[in-house]
Amino acid sequence: MGILRSNVPSGRTASPATDDVSGDRATTCGGCSATYPDAAWASLSFIRQIEAAEIARSVLDWPAGVTIEVRRCANCGTSLARKRCTTASWFG
Ligand SMILES: [Zn+2]
């Protein structure tokens, strides 16, 4: 199992270093190989969100607070799934 809170900064300084982190999390379409980084992903058509409790019924080791977001590829229309961690809520 991985460590979820690996490198979370304690304070919110306007550091450009956060760009490196988000650049890593691109989603690639299985249908047309289009790549969607964070910003582009948010602009795709939203289909549904699968809650952690719902996934945990089928996946034994699913971490709490991690949901799956399903969006439609703007290029070919394939449904794309992407994990989304919602445990950051304790930041307020
Ligand atoms: Zn596609």
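Using beta carbons and a limit of 7 Å, which pairs, at least six apart or on different chains, have the first residue in segment 64-83 and over 11 Å from L44 (Cα atoms) and more than 9 Å from the ligand (Cβ to nearest atom) and the second one not in a strand (DSSP E or B) and not β-branched (V, I, T)?
As it stands, the answer is A64/A52; G65/A52; V66/A52; T67/E51; T67/A52; R82/W41, since those pairs meet every condition given.
Looking only at segment 38-77, which residues are among the basic types (K, R) and over 17 Å from A26 (Cβ atoms)?
R48, R57
Quick note: the coordinates plus some simple rules give every number you see, no bench work behind them. If you're wondering where the values come from, they're calculated on a predicted model, not measured in any experiment. Cβ sites come from the backbone with ideal geometry, for glycine too, and all protein chains shown count toward neighbours.
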